[in-house]
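The values are calculated or read from the model by the stated rules, or taken from the named source; none is laboratory data. Fair warning: this is a prediction, and the values are worked out from it, not measured in the lab. For neighbour counting, all protein chains shown are included, and Cβ atoms are generated from backbone atoms with ideal geometry for every residue, glycine included. Quick note on the areas: whole protein, heavy atoms, side chains included, nothing else; ligands and nucleic acids left out. Shrake-Rupley method; radii C 1.70, N 1.55, O 1.52, S 1.80 Å.
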Amino acid sequence: MKKAVVMGASSGIGMEVAKLLLADGWTIGVAARRTDLLEQLKDTAPERVVVETIDVNADGAEEKLLSLIDRTGGVDLFFYAPGVGWQNPTLEPDKENTTVATNAFGFTRMMGTAFRYMATNGGGHIAAITSIAGTKGLGPAPAYSATKAFQNTYLQALEQQANARKLNIRFTDLRPGFVDTALLGDGKHYPLLLKKEDVAREMMDAIRHKNHIRVIDWRWRILTALWRRIPRCIWRHLRLETKSLK
């Protein structure tokens, strides 16, 4: 029986992916800071759902993840969904520092734990939700776009290391555009808004096809391809008025 651990499974895309895995017959370990919704998920298939409370920024997060993997019976797929981010043009310290702590330090902590486990236990598949925001530095959200670029590069580096060491570890970097989740629940209009259910299904498709990178969806693939081609001398003068970047 296939086994997965889903971090950040209490809401949004993480919850939708957990549901898809359950429907496909997987045994899953699910983790988040708040576990009330995870317990409800467990009630739907108690023999195939293991719950753990994990804050990626808290001391002991690594040990809790290893405990969850052990109680799940191992891990074939490590799916990582946690992340925070704000539009913060005034660089409010709390928002910038929290974003870096969660999206960089917390991400590194959990990725390293999963990688080391797989390196010594026969391998597996690591899939992480990053963002199209890592494509370029975005003035309205400096820490968010910078940490998403960090995540893109970190996954690329781990993939190179795994190949150099001949480890059976695969990676999928999942980069969605705007997704209709609680993070965008301010009643404002967002362009090219994606449904979380559709995003989760495309992410699972990317994992099944062992994609290295998947920008979600096709419209965002076109847009980010254009972003990459904008010269730095032009990009620095653009005025971005987006209200959120997740």
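The table that follows gives values for the structure above.
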item	result
Span-like helix ranges in the chain, DSSP H, alpha carbon extent 24 angstrom or more, Kyte mean at least -1.0	142-164
Heavy-atom accessible surface of region 10-69: percent carbon and sulfur, 1.4 Å	47 percent
Accessible area (Å², per residue) of region 103-179, counting only protein heavy atoms and a probe of 1.4 Å	35 Å²
Stretch gain in nm, segment Asp180-Leu223, where the contour uses 0.36 nm per residue and the Cα spacing is subtracted	13.6 nm
Neighbourhood net charge (12 Å Cβ-Cβ; Lys/Arg +1, Asp/Glu -1) for Ile169	+3
Cα gyration tensor category, rounded, prolate or oblate, for region 90-142 with a/c compared to 1.5	oblate
Inter-site label distance for Lys2 and Arg208 at 7 Å from Cα along Cβ, in nm	0.8 nm
Nonlocal amide H pairs with Asn88, under 5 Å, H built at 1.01 Å	Ala141
Segment Asn97-Lys166, length gained on full extension (0.36 nm per residue, minus Cα span)	21.2 nm
Highest-MSF residue in the chain out of Ile28, Ile234, Ile213 [GNM, Cα springs under 10 Å]	Ile234
Net charge over other residues, Cβ less than 14 angstrom from the Cβ of Gly60 (K, R count +1; D, E count -1)	-2
Rough spin-label spacing in nm, given labels placed 7 Å along Cα→Cβ, for Glu197 and Gln40	1.6 nm
For the chain, built as a Gaussian network whose Cα springs stay under 10 Å, the top-fluctuating residue of Leu68, Leu193, Leu38	Leu193
Accessible area in the full protein assembly, largest first, 1.4 Å probe, for Met1, Met111	Met1, Met111
Formal net charge of residues neighbouring Arg229 (Cβ-Cβ distance under 14 Å; K, R +1; D, E -1)	+4
The chain, helix-only ellipticity at 222 nm - DSSP H runs n ≥ 4, -39,500 (n - 2.57), divided by all residues, nearest 500	-13500 deg cm²/dmol
Carbon plus sulfur fraction of accessible area for region 80-203, probe 1.4 Å, in percent	53 percent
Region 1-146: C-alpha gyration tensor shape, a/c 1.5 cut-off, then a/b vs b/c	prolate
Identified option (computed percent of Cα pairs over 23 Å apart; candidates (1) 52; (2) 49; (3) 45)	(2)
Most fluctuating residue given options Gln161, Gln87, Gln151, as computed from a GNM of the chain linking Cα atoms under 10 Å	Gln161
